[in-house]
Amino acid sequence: MPGVRQRAGARELAFGTIDSWLAWQLTGGKSHITDATNASRTLLFNIHSDDWDPLLLGILRVPRACCRK
């Protein structure tokens, strides 16, 4: 979709699992968060380093700015 990567890089978009969507809804859009176990389900989160995997983000061209934990 045109413009999606740019919007994600500008922190206008985010992705996650149902728990992050629920947190977003329950906080009125103030918190887009998840925990390590759910973040790892995206296959972009490295549970050993407790951070998003820069190699996988790069390969899949997912902007780091849209990843939160």
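Every number here is computed from the coordinates shown, using simple stated rules; none is lab data. Remember, it's a predicted structure, so these values are computed and weren't measured experimentally. As a convention, Cβ positions derive from the backbone with ideal geometry for all residues, glycine included, and neighbour counts pool all protein chains shown.
Just a few scattered comments:
- For the chain, the fraction of alpha-carbon pairs in successive 10 Å shells from zero, as %: 21, 51, 27, 1
- Positive-pole candidate from Met1, Gly29, Leu43, dipole of the chain, charges at beta carbon: Met1
- Mean residue ellipticity at 222 nm, helices only, the chain: -9000 deg cm²/dmol; runs of at least 4 DSSP H residues each add -39,500 (n - 2.57), and the sum is divided by the number of residues.
- When the chain is treated as a Gaussian network with alpha carbon springs shorter than 10 Å, the biggest mean-square fluctuation among Leu44, Leu56, Leu26 belongs to Leu26.
- Candidates Ala39, Ala14, Ala23: whichever shows maximal mean-square fluctuation once the chain is modelled as a Gaussian network with Cα springs under 10 Å: Ala23
- Inter-label distance, nm, simple model (7 Å from Cα along the C-beta direction), Asp19/Ile33: 1.2
- Mean separation of Cα contacts under 8 Å, 6 or more apart, over the residue count of the chain: relative contact order %: 36
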